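Undergrad: Structure below; questions to follow.
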C-alpha cells in the first residue's frame, strides 16, 4: 500500500464493515417484498423455526419463517409447493449471506384455506376421526335435544318448526354460539363441551347453521370443532346447511343433515307416521287374535267331539282288558314253563335212577367192598382170608375169602367177587 492515498480513492473497509453496509443498504432498499417460487429443502428443527430454499428456473434464495409466524400457518410446508411469500430481506453477517424472512405465505394457484382443509382432513382421517365404525346411533325417541347454533339465526327456527310438526315430546335446549367469523370455531367447540357437561345429558346434540358461503361455513372445518364433535359422548348431528360442500364437521359427526330442517326429521320420528304404524299394528293384531281364537275354538270343538271326552271310560276299560289279557298270558306262560320244567326234572331223575348203582342191586346184583368201603372190581386185588362186605338189594353180609379164581369174563364183573362162607 502506498504511503499516501489519494483522497479520491475509496476507503479500505473491513469485512464486517462491508457486510454491515450491504445489510443496511439491502434491508433499507427492500423493507417489504412479495416473492413467488417453489419450496425445496424444507426443514423444521426443534426450535420451531422453518428453513427452506425458494427457487425458480434461474435462481434461488434462502428463506426462514420464525417460530412465532410458523405456529400460525394453516397448511403444511412441503417440498415442491408453489407459494407466494411476503417478507423482508435480511443479511446474516457471520456468513455474509442474505435470506428472506417470511411474514406471510400462501399457496400459489390453490387457496390457502383449501390446501389447509385438505391437509387437515388427511391428518384427521389418519387418526381415525372419520371411521364409520365409531359412529354412535341416534336414540329413537329423544326427550332432550341440544342445538349449538346462533339463537337468532334461521337454523333454530326451521329446526323447531319441523320438530313441533313431527314430534312434540322433545324439549330443545339452545346453546348459543357464533357460527361464522373469527372466534366462531372456539365458541362452537365450547358449546359442544358445555352440552356434554349438562346433567342430565341431552339425548342428542345438533351442531349447525342455516347455510351460507364457503367462507361463512369455514368455522365448521376448524380442528377444534372437529375434535370436540369426535370427543362428544352425546350423538352429534351436523346440520351446516350446505348441500354441495361437505365440511369436516359433517365427516366426523355421527350423522349428517343437509339442512337444520332435515336434522329435525332425522332426530325425531313423525308422530303421524307412528300413529299410522300403530293403527296398522292394531289391525294386524286384531286379525291375528281373531284367527288364533278361531283356531282355538276349532281345536276345542275337535276335543269335545273326541271319543276320549265323549266316552272317557272306554279307554280305561280297554286298558283293563289289556291288563287281564296280559295277566292270563303270563299265568299260562308260567304254567307251561312249570310243566316243562317238571317233565324235564322227571326225565333227569329217571336217567339218574338208571345210572345209580343201587338200581342194579334190585335186579339181583351185589356190591362187594372192603371194610374201608373200597369197591372190589378185580379179584387180583384180593387175598385169601380177607374180610369183605357184600351189599344186596336188601341188607348186606360179611364173608371171608377162602379161595380166588382168577378166571376173567363179563359174567364175573358183577358177581359177588368170590365164594362166601
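Undergrad: Being touching a residue at least 24 places away in the same chain (Cβ under 8 Å) and assigned to a loop (DSSP other than H, G, I, E, B) is the filter here; which residues of the stretch 174-190 pass it?
TA: Result: 177, 178, 179, 180, 181.
Undergrad: Another question about this same structure. Out of the stretch 74-89, which residues are in contact (Cβ under 8 Å) with a residue 40 or more places away in the chain and surrounded by fewer than 17 Cβ atoms within 10 Å (Cβ to Cβ)? Steps first, please.
TA: Taking the stretch 74-89 and keeping what is in contact (Cβ under 8 Å) with a residue 40 or more places away in the chain, we get 74-76, 79-89.
Those that are in contact (Cβ under 8 Å) with a residue 40 or more places away in the chain and surrounded by fewer than 17 Cβ atoms within 10 Å (Cβ to Cβ): 74, 76, 79, 80, 82, 84, 86, 88.
Undergrad: With respect to residue 157, determine if the residue is at pLDDT 90 or above, surrounded by fewer than 19 Cβ atoms within 10 Å (Cβ to Cβ) and not in a loop (DSSP other than H, G, I, E, B). Before you say what the answer is, go through the steps one by one.
TA: Numbers: at pLDDT 90 or above: yes; surrounded by fewer than 19 Cβ atoms within 10 Å (Cβ to Cβ): yes; not in a loop (DSSP other than H, G, I, E, B): yes.
Judged against the criteria, residue 157 is a match.
Undergrad: Could you please give the count of residues in the stretch 163-173 that are modelled with pLDDT of 95 or more and either buried (at least 20 other Cβ atoms within 10 Å of the Cβ) or outside any strand (DSSP E or B) (or both)?
TA: The qualifying residues number 0.
Undergrad: What number goes with the only condition from (1) surrounded by fewer than 17 Cβ atoms within 10 Å (Cβ to Cβ); (2) within 30 Å of residue 247 (Cα to Cα); (3) in contact with a helix residue (DSSP H, G or I) (Cβ under 6 Å, 6 or more places away or on another chain); (4) at pLDDT 85 or above that residue 50 does not pass?
TA: (1)
Undergrad: Hey, another quick one. What residue, among those in the stretch 12-47 that are in contact (Cβ under 8 Å) with a residue 60 or more places away in the chain and in a strand (DSSP E or B), is surrounded by the most Cβ atoms within 10 Å (Cβ to Cβ)?
TA: The extreme case among them is 35.
Undergrad: Here's another thing I want to ask about it. Can you tell which of 264, 288, 333, 293 is assigned by TED's automatic domain parsing to the domain that holds residue 237, modelled with pLDDT of 90 or more and either farther than 30 Å from residue 160 by Cβ or surrounded by 10 or more Cβ atoms within 10 Å (Cβ to Cβ) (or both)? Walk me through it before giving the result.
TA: Numbers: 288 fails: assigned by TED's automatic domain parsing to the domain that holds residue 237; 333 fails: assigned by TED's automatic domain parsing to the domain that holds residue 237; 293 fails: assigned by TED's automatic domain parsing to the domain that holds residue 237.
Criteria check complete, one pass: 264.
The values are calculated or read from the model by the stated rules, or taken from the named source; none is laboratory data. In this text, all values refer to a predicted model and were calculated from it rather than measured experimentally. With ideal geometry, Cβ positions are generated from the backbone for all residues, glycine too; neighbour counts draw on all protein chains shown.
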